[in-house]
Structures are given as structure tokens and as C-alpha cells.
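Structure, as C-alpha cells:
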Amino acid sequence: MNFFLVAFPAIFTIVNPLGAVGPFLGMTARDTSDKRNSAAQRACLLATGVLLVCAMAGQFFFQFFGFTMPALKIAGGLLLFLVGMDMINARTSGTKATDEEQQEGNLKEDIAIFPLGIPLLSGPGSMVTVFILVEKAHTHLEQVALYFSIAATMVVSLIVLRQAGRIARVLGATGINVMSRMMGLVLAALAIQFILNGLLEALPGLKGAGG
């Protein structure tokens, strides 16, 4: 339960389904309600699969590429910090989907796979977050909590996307931006913590120097 309380907020914050509301509505403006809901469901299923594969193949990923966990924490922390700053400034992060990708999505008949499923819901930031959490999941129960955190995030994301029109009307652009800024602040703080942890693991002498 304690690991879930760490993993779920981290994954949910970086996925940020509220941030996908605007692009989703724009790309499905001409679609019927049934088609829009179908796209949301398939996108969330795809994103769930992508993140679950990252969770299950995390150790293989490290061994295959020869990465160390401190290196991933530092690089991942920098990436997440950039995403967090974009959220604080109410900008769509370039690590999720560029303006060109969203415009291409507007022209596609089916946006569930690209750009909604990938990279809006399961982009590099969320993948890196899962990789880092894999290293922290030492027990079988913690691994299950990680999988459940991914599934829970995508269930909430599906609910948000299915209610995107209503959310946009209730919160408006300002309300969505305020919520995004709050989650961006949390994400930026989490990113700095990842970087600090990575530096302390790579350079243990820093801990002694700080003391």
C-alpha cells in the first residue's frame, strides 16, 4: 500500500490526463460521441500496455543497454523537470506531442494510437518514470502495486477523456491550466528528487560532504 501511494501519484502526474483534454477534443471535434469514446478507450488500453511492458522489461532494459540506475535517475529527472516546467507554464510538452503531431492527428481518421495513446498518454516521461519505479519495487507485492498504479492511472484517464467535453465546460481553459500548473509543480519537485538521488548514488562522497 505504501508503494502504491508513491507510484500512483508519480505516474498519474506525468501522464496528466487533464492536459490531454484540449488536444483530444480538438482532434475529435467532428466525431460522434460513440467514436470519441471508442478512441479514448483504445488509446488508454494501448498506453496501459506500453507502460506495463516498460514495467515488466525494466531490468532487461538496463542490462541490454548497460545503463546504471543513477544515470537513468539523473537523465529521467532532467526530462521530467522539463515536462513539469511546461506544465507550470501551461504549455503542451514537446516530449508528449509537438504541434505538428497534433495537427497530423487532426487529419487522421483514427487518433487512438497516434498521437493520443502514444505519446500523449504514454510518452518518454511516463516510460522513464515507470523504469525508475521498477528499480524501487523490491518485492513481489510492490511490483503488483506498480502494475495496479499503471492500471488505475489509465482508468482515471479513460474517465477524464470520456467526460472531456463536460470537464472543458466546467473548468474552462483557465481551470484546466491551473490544475496542470499544480501537477507541474509536484512533478518538478519529484524530478529534482530523482536527480538528487541519482547524484548521491553515483557520487556517494557528496553525502559525506553535505554532512
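On full extension, the segment bounded by Val53 and Ser38 gains 3.1 nm, given 0.36 nm per residue less the C-alpha separation. Accessible surface calculations at 1.4 Å, restricted to protein heavy atoms, place segment 125-211 at 54 Å² per residue.
When the chain is treated as a Gaussian network with alpha carbon springs shorter than 10 Å, the biggest mean-square fluctuation among Val15, Val130, Val160 belongs to Val160.
The fraction of accessible area contributed by carbon and sulfur in segment 116-211 is 71 percent, rounded to a whole number (1.4 Å probe; ligands and nucleic acids excluded).
I'd like the carbon and sulfur percentage of the solvent accessible area for segment 16-90, probe radius 1.4 Å, heavy atoms only, ligands and nucleic acids excluded.
That fraction is 67 percent.
For segment 132-211, the spread of Cα coordinates along the three principal axes comes to 53, 33, 14 Å, biggest extent given first.
Spin-label model, Ala189 to Arg162: label points 7 Å out along the Cα-to-beta-carbon direction sit 3.2 nm apart.
Ordering Leu206, Gln143, Met1 by Cα displacement along the dipole of the chain toward the positive end leaves Met1 in first place; charges were set at the Cβ atoms of Lys, Arg (+1) and Asp, Glu (-1).
Between helix 140-162 and the chain there is an angle of about 20 degrees, using the helix long axis and the longest principal axis of the Cα atoms.
Taken over the chain, the alpha-carbon convex hull comes to 126 cubic angstrom per residue.
Packing-based ranking of 151-158, 76-83, 58-65 yields 76-83, 151-158, 58-65, ordered from highest to lowest mean Cβ neighbour count within 10 Å.
The values are calculated or read from the model by the stated rules, or taken from the named source; none is laboratory data. Treat the numbers as computed from the prediction; the structure is a model and nothing was measured. When we count neighbours, we look across all protein chains shown, and the Cβ atoms used for this are built from the backbone with ideal geometry, even at glycine. Just so you know, the surface numbers come from the protein's heavy atoms only, side chains and all, with ligands and any DNA or RNA stripped out. Shrake-Rupley method; radii C 1.70, N 1.55, O 1.52, S 1.80 Å.
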